[in-house]
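The values are calculated or read from the model by the stated rules, or taken from the named source; none is laboratory data. Keep in mind that what you see is a predicted model, and the values were worked out from it rather than measured. Cβ: placed from backbone, ideal geometry, glycine included. Neighbour counts: every protein chain shown.
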Amino acid sequence: MLYQLREAQRAVLNPVSDWAQAVSKLYTNTYSPFSYAPFSSRIAAGFELLHRLGKEYEKPVFGIQSTKIEGQEVSIAERIELSKPFCRLLKFERLLPTHLAHRANDPTVIVFAPLSGHHATLLRDTVRALVADHNVVITDWVDARMVPVSAGPFHLDDYVAYCIEFIRHLGPQVHLISVCQPTVPVLAAVSVMATLKDPALPLSMTMMGGPIDTRKSPTEVNNLATNHSHEWFQHNLIHTVPSKYPGGGRRVYPGFLQHTGFVAMNPDRHMKSHWDFYLDLVRGDMNDADSHREFYDEYNAVLDLPAEYYLDTVRTVFQEHALPLGTWTVEFEGKSIRIAPEDIKRVALFTIEGELDDISGSGQTEAAHSLCTGINKAHQKHLTAAGAGHYGIFSGRRWRETIYPEIRAFLLDHQTRFKA
């Protein structure tokens with residue numbers, strides 16, 4: 001019922017938002033007499049703020065059209081490498097000129113984007129940095145409300161199976177970078193492959209700000225999961241997609257609930273940001289105003305999560321701590337396999353945390369090292385990024401200037417398989 005109420009709210013807000021946008025333009029367009037009225041800039045700013053607070057935010061585009069390689073501009077083309085019902089493996093193909101053909105041998109990287117409410121485009125800055133030195137593909141998750149019920153359910157076990165399929169498709173000369181939530185299923189996938197002695201094992205795993213062991217420095221996100229029962233999540237947060245969408249009838253954890261949770265974590269910060277946006281518009285400071293628009297166009301665009309996957313994750317990762325306790329088993333290719341990170345031996349491991357991360361607390365990602373006991377210490381590395389919050393470890397100045405160079409060097413050091 002909540003989803004239907006939200007749709008009714010959208011039906012009311014959308015025309016109001018469109019009207020507010022039109023009025024704002026009426027007070028800013030130099031050909032309009034209203035733009036010369038007293039306080040026109042304040043009126044226009046107020047209506048644009050109303051427009052942005054009420055509008056529907058669609059999935060953004062990556063918009064990465066080129067990169068610089070050895071000082072030359074090289075065009076980028078997006079293409080679908082592999083398509084599954086719940087995910088597309090999206091490749092950023094570098095259209096290399098003949099004299100740069102040797103760069104086709106650059107390391108290949110699979111970026112596992114979070115399936116936790118936001119679109120994969122949240123990692124735009126991550127991809128933009130990586131693509132200059134690597135062949136990059138990313139998991140572009142499909143909004144569950146757009147997946148027909150006939151496609152079946154999607155469990156955490158299915159997520160692990162997707163990871164293995166993607167690695168096999170591009171492996172074995174491939175590196176993995178997982179950001180936040182996927183650190184857990186990616187580690188599970190590599191563990192399964194190691195247990196099965198799969199020849200497509202990746203060369204390295206880089207894990208950034210993920211909940212490997214949420215018992216360490218628990219955050220508000222972790223506390224929410226542990227302070228409520230599994231039944232509470234099932235009864236209060238799972239809703240049915242309305243029939244107007246292709247996924248009508250599918251049970252999901254709606255993206256708008258996740259977005260509400262994100263905002264509720266820092267309401268004062270968001271309120272101040274919107275007020276500053278209003279003042280920037282009044283002053284005519286378009287650079288800061290455009291930065292605000294760019295951030296919230298991404299931040300406010302959310303997707304629905306399959307209910308089975310969401311509930312599995314809450315129980316397995318946050319309530320039972322099954323990965324660090326060694327009690328997690330997955331169904332894969334008709335077998336029940338225990339997740340055993342200790343079986344991983346010839347895959348390098350790099351963990352990265354933000355000093356100020358309020359989503360994945362200190363030590364949660366680093367815990368992977370204590371689980372992957374079969375990996376030689378010489379091929380393990382950890383970095384705590386000073387002054388970086390959760391988003392700062394994969395986006396922004398600290399990512400570009402401090403963290404990315406460390407990742408680039410680590411991948412180059414492990415471009416060939418090391419001996420156990």
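Per-structure values
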| read-out | value |
| --- | --- |
| Of all residues in region 107-155 being within 11 Å of the chain's Cα centre (by Cα) and among the β-branched types (Val, Ile, Thr), the one that is farthest from Thr313 (Cα to Cα) | Thr126 |
| Among the residues listed as Ile375, Ile393, Ile344, the single one being of a type outside the set (Phe, Trp, Tyr), farther than 18 Å from His321 by Cα and over 26 Å from the mean Cα position of the chain (by Cα) | Ile375 |
| Pairs with Cβ under 8 Å, 6+ apart, first in region 13-30 and under 16 Å from Leu53 (Cβ atoms), second crowded, with 16+ Cβ neighbours inside 10 Å and among the aromatic types (Phe, Trp, Tyr) | Ala20/Phe47; Gln21/Phe47; Val23/Phe47; Ser24/Phe47 |
| Sole exception among (1) touching an Asp or Glu at 6+ places or on another chain (Cβ under 8 Å); (2) surrounded by fewer than 17 Cβ atoms within 10 Å (Cβ to Cβ); (3) among the aliphatic types (A, V, I, L, M) for Leu224, by number | (1) |
| Cβ pairs under 9 Å, 6+ apart, first in region 61-75 and on the phi > 0 side of the Ramachandran plot, second surrounded by 10 or more Cβ atoms within 10 Å (Cβ to Cβ) and not polar (S, T, N, Q) | Gly63/Arg124; Glu70/Leu100; Glu70/Arg103 |
| Cross-chain or 6+ apart pairs with Cβ under 8 Å, region 312-332 first and on the phi > 0 side of the Ramachandran plot, then surrounded by fewer than 19 Cβ atoms within 10 Å (Cβ to Cβ) | His321/Arg215; Gly326/Arg338; Gly326/Ala340 |
| Filter result for Arg103 (in contact with a strand residue (DSSP E or B) (Cβ under 7 Å, 6 or more places away or on another chain), of a type in the set (Lys, Arg) and surrounded by fewer than 19 Cβ atoms within 10 Å (Cβ to Cβ)) | yes |
| Close pairs from region 364-383: first not assigned by TED's automatic domain parsing to the domain that holds Val179, partner part of a helix (DSSP H, G or I) and not hydroxyl-bearing (Ser, Thr, Tyr), Cβ under 7 Å, at least 6 apart | none |
| Condition check for His239: over 21 Å from His321 (Cβ atoms) and of a type outside the set (A, V, I, L, M) | yes |
| Residues satisfying the stated conditions in region 324-357, i.e. out of contact with any Asp or Glu (no Cβ under 7 Å at 6 or more places or on another chain) and within 26 Å of Pro254 (Cα to Cα) | Asp357 |
| Identity of the residue in region 240-272, of a type in the set (Val, Ile, Thr) and over 18 Å from Lys59 (Cβ atoms), that ends up modelled with the highest pLDDT | Thr240 |
